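Right, one structure below, let's go through it.
Read-outs throughout are calculated quantities, based only on the coordinates presented, and are distinct from any laboratory measurement. Predicted model, so just to flag it, every value in this text is computed and none were measured. All Cβ positions, glycine included, derive from the backbone under ideal geometry; neighbour counts span all protein chains shown.
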Amino acid sequence: MHSLAAKKTLALVFALAVVAMACTREEEGGEGGGTQGETQAAQGDETTLLDEIKQRGTLRCGVNNTVPGFGFDPGTGEIEGFDIDFCRAFAAAVLGDSEAIDLVPIDADNRFIALQNGDYDVLARNTTWTTSRDGAEGVAFMHVNFYDGQAMMVREGDFSSIDEMDGTNVCVTTGTTTELNLADYFGARGLDFEPIAFEENPQLQRAFISGRCDGWTSDRSQLAGIRSQWPEEEGGPESLIIFDEVISKEPLAPGVLDSEIELHDALDAVVNGLILAEELGVTSANVEDTAEDPGEGPVAALLGAPVLDPETGESAPLDNGLGITNNFMIDVISAVGNYGEIFDRHVGPESDLELERGINALWTDGGIQYAIPFR
Amino acid sequence: MADAALKEAARPSLWRDVRVLRAAGQVVFVVILVVIAREMYLNASFAIGSAGRELSYTYLDSRAGFAIKEHIVGYSANQPLYKAFLAGATNAMLVAAAGIVMATVLGVLIGVARLSPNWMVKKIALVYVEVFRNIPLLVQVIFWYVAVILAIPRIEDSVSIFGVAFVSNRGAAMPAIRSGADFGTWSLFVLAALLVAATVWRWRTRVHERTGGRHYRWLSSLAVMAVLAAAGYALLGDAFKVELPELIAHGYSGGLQISPEFAGILVALVVYTAAFIGEIVRGSILAVSKGQKEAAQALGLSPGQQLRLVVLPQAMRTAIPPINNQYLNLWKNTSLAFAVGFPDLINISTTMVNQAGHALETFSLVVGTYLGTSLLISFGMNVLNRAVTLRGGTA
C-alpha cells in the first residue's frame, strides 16, 4: 500500500519533469525561429508577399461573385466585373500578364479573416474603407477606386422616401458597414425599424420578394446590380426603385495586409495610374502608339519612358522603386484600359447597372477622382 | 526476509511491468497534449503579433452601433458590444430551450406511435422518422423558412384569428399576459389557492380510499383553484391584463410576437431532433422487459395507464443518456440560424468581428459560450439520470 503511493508520486514527478523538459525545448525552438527571422530581415532578403507572388506566377484576389457589375458570374463560369478588372490590372503590373490571376470568391463575413490567414493576396471585393478596418482588421487600403454610398431599394409604389419608412422591416447583409449606417440614419430621424440580417444574398432576395421586408439597403452600386438582374417573373427591374437619398459614404478600395507595404505601394500605383491614364487621355486603343512616342512629360512618366529633367536638361526613365517594372502601366492599360473604360464597361450608363459617373468623375470633370502624379 | 526476496524476484522488469507501462502511457499523452496546446497558443500569439496587434478584450466596451431586431436583454444600437454578444447568446439559448421542450414532447409521441398497434399511425411515424433524420439540417432550416414560412400571406393580407391573433410572413402575434401593479400580491393568492387545492386533492383521495366512490380529484381541486384565483383577481383589480396585438402599418404592435426567423429555426430543430428522440424512445420502450407490461395488464391497468405508470418510467432510465446527446446537438445546431437571418450567437458574432475586428477574441467567447452551455445541459441531464437510476438492493 505504502509503496504504491510512493510509486504514484514518483510517476507524477517524472511526468512533470518530462513536461517541463518539453516546454524548455519548445522555448528554445521558438527563440531559434525568431532569430532566424531577424537575421533574414537584417540581410534584407526576407521574402515579401510581392516576391512570393512573382515566384508563384499568379496573383490571388479575394473577390465577390454575387454582385453584378462588380464581381459576378453571368452564367459563363467566369467571374467578371469592375473589381475583377482591377485584379487583372494588378496582375498585369506585377507579373506582366493580366490572365495570371486566381480569383477566390469570398463572402462579406470572412473576407478579413481569410486575408489575415493568407488565403489570398489582394482584397478586391467592393470593400468600404473605414478606420476600424484600417486598424483592428489590419488592412492597408489603396486609393479609393469607387466612391459609393448606401442607398435604399423598395418596391415601386410602396414608399417615396426613407422618411415614410417608419416601423418597417429592412433587409440587410450581415457583416457589412450598412448595418451600422442603417441604425444611425434611422435613429437620427427618429424612425423605428427592424433589421433582418442575412448571411447570403439569395436568402435575402427570397425574403424581399416574399414581402418579408419593406426595403433592401446596401451600397447603391450593389443595389443597381441586383435591380438589373431582377427576375422578370417578379416584375423585372422596373418594379423596383432606388431612392436618391444617400444614407452613408462608402468609399470602396482594394486592400492588402498592413504588413505587406511593398505590395500595397506597388498596387496603389496601379490604381492611381489607371485614373491618371484617363486624365491624360491614354486608352487601351491608343496606348501602344502613345508608348512609341510618349513625349517627355507626364505621359512618358506614366508609361515609364525617359522623362526630361528640367534641372539637368537630361532625359532618363523614372525609377519608381516600387519593385515592379517602370513601364508597368503599358501592360495594365493594354489589358483593361484606363479607369473610365473599366467604369463604363461594367457599371457605367451604357452597362446593365446604368450608374452615372457622379462623384466618380475625374476632378477635371467635376468629380473627386484625383490621382497622385507619377514623378 | 525470504518472502521479500521472493517478491523482488517475481517482480517483472520496468518495461514489462503493466502498471509502469500504463503510467508511462498517460505521461506521454499529457506531454503530447501540453506540447500541442502550447504550439497552438504560440502560433496564435505570433500571428496576431506579426499583424501588429495584441490579444485584448477591451473592445467589448465600445459602442456596438448596429441594431438587433429581437432580443430579451433590452439591447439598443448605442449599447456596448458585450451587450450585443449577450443578446445573441440569449437568443440562441431561447431557441434551444423552446426546442428542447418541444422536441421532447414530439419525440415521445413519435416514439410511442412507432410502436402503436394501429397500422396507419405506425407507418406515419416511420415515414416521419425516415424523412426528417435523413435530410441535412441546413437544408431543412432553409426549406422551412423559405418554402413554408415566407409563403404565408403577406402583411397586407394578414390572416386574423377572431381579431385577437394574426399570422403573416412578418410573424405571428397573439395575446400576451402582462403583469400589473398587484401581480406580486396576486401570486401569493395563487400560492395559497394551490395549497388549498392540494388539501382538497388529499381529502378526495381519502374519501375515495375509504368509500371506493368516484374521487373527482382533478375536477374538484382545479375548480377550487380557479375560483380562488379569480376571486383574487377581482379583489385586487390590477393583477395582470391580457394585451391584445394590433395590426399596424408594416407589422404588429403589442401582444406576444414570434418572428418568422425564430419560427423557421425552431421548427426545423424540433422536427429534426424529434425524429432522433423518437427512435431513442422506441428503443427504450422495447428494452423494458415484456413481463412488466404483462404484469401491468394482469393488474387490470388500461393501455394508457400501462404506458404511463409502468413502461415509460422504466424506459426513461435507458433513454436519458442518449437523449442528452440530442439536447446537446440541438443546442449546437442553433448556430444554423444564420441561414435564415435569426440573430443568434453566430450571426451577432460575425457582425461584431466585421465591424470591430478581434476575430480570435470574439470566437474564443463563442467557443466558451457553446462549451459552457453544453456542459450545463449535460450537468442537468446527469442530475436527472442519477434521480431515475435503479438504486442498488431495491430490485
Rounded to whole Hz, the Karplus (6.51, -1.76, 1.60) HN-Hα couplings of segment A:195-201, x for glycine and proline: x, 10, 9, 9, 6, 10, 4
Determine ³J(HN,Hα), in whole Hz, for all residues of segment B:130-136 in sequence, where each value follows from phi through the Karplus function 6.51 cos²θ - 1.76 cosθ + 1.60 and θ = phi - 60°; x replaces Gly and Pro. 5, 5, 7, 8, 10, 10, x
Magnitude of the Cβ-charge dipole of chain A, K/R +1 and D/E -1, about the Cα centre, nearest 20 debye? 1560
Per residue of B:60-67, how many C-beta atoms from partner chains lie within 10 Å of its own C-beta, taken as a mean? 5
Could you give the radius of gyration (one decimal) and Dmax (whole number) of the Cα atoms in chain A, in Å? 26.2, 99
Global size of segment A:148-249 as Cα Rg and Dmax, reported in angstrom: 12.3, 37
Where does segment B:1-153 land on Rg/Rh, using Cα atoms and the Kirkwood Rh? 1.26
Counting only DSSP loop positions in segment B:12-102, the trypsin sites (Lys or Arg not before Pro) whose Cβ has at most 14 other Cβ atoms within 10 Å are none
Compute the normalised compactness of the protein assembly as shown: alpha-carbon radius of gyration over 2.2 N^0.38 Å, N being the residue count. 1.26
Under a 5 Å amide H to amide H cut-off, with H placed in plane at 1.01 Å, what residues pair with A:ILE196 once short-range neighbours are removed? A:VAL170, A:CYS171, A:VAL172
Can you check how the C-alpha radius of gyration of chain B compares to 2.2 N^0.38 Å, as a plain ratio? 1.35
Comparing B:GLU279, B:GLU243, B:GLU54, which has the greatest mean-square fluctuation in the GNM of chain B with Cα pairs linked when under 10 Å apart? B:GLU54
Charge dipole of chain B about the Cα centre (unit charges at C-beta), most positive-ward option of B:ILE48, B:ALA89, B:ALA234: B:ALA234
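Going by average Cβ density within 10 Å per residue, which order do the peptides A:316-327, A:136-147 take, highest to lowest?
Details: A:316-327: 15.3, A:136-147: 22.1.
Packing proxy ranking, top to bottom: A:136-147, A:316-327.
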Treating only Lys and Arg (+1) and Asp and Glu (-1) as charged, each at its beta carbon, one finds that the protein assembly as shown has a dipole about its Cα centre, in Debye to the nearest 20, of 9020
Name the most mobile residue of A:ASN272, A:ASN110, A:ASN181, meaning the one with the largest mean-square fluctuation, in a Gaussian network model of chain A with Cα contacts below 10 Å. A:ASN110
Can you work out the PRE-style zone for A:THR312? Point 7 Å along Cα to Cβ, and I want the residues of segment A:326-361 with backbone N under 18 Å. A:326
Under 16 Å from a label point 7 Å along Cα→Cβ of A:THR283: give me every residue in segment A:356-375 with its amide N that close. A:362
Length added when fully stretched, B:LEU55-B:ALA151, from 0.36 nm per residue minus Cα-Cα: 30.0 nm
Roughly how many nanometres apart are two label points built 7 Å out from the Cα toward the Cβ at B:LEU299 and B:VAL242? 4.1
1/(1 + (r/R0)^6) with r = Cβ-Cβ of B:SER179 and A:GLU78, R0 = 51 Å, i.e. FRET efficiency to nearest 0.05, evaluates to 0.25
Only helical DSSP H runs with n ≥ 4 go in: add -39500 (n - 2.57) per run for chain B, normalise by residue count and round the 222 nm mean residue ellipticity to 500 deg cm²/dmol. -21500 deg cm²/dmol
Modelled label-to-label distance, B:LEU286 and B:THR211, 7 Å Cα→beta-carbon offset: nm? 4.9
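Applying a 10 Å radius around every beta-carbon, put B:191-198, A:118-125 in order of their mean neighbour count, most first.
My ranking of the peptides, most packed first, is A:118-125, B:191-198.
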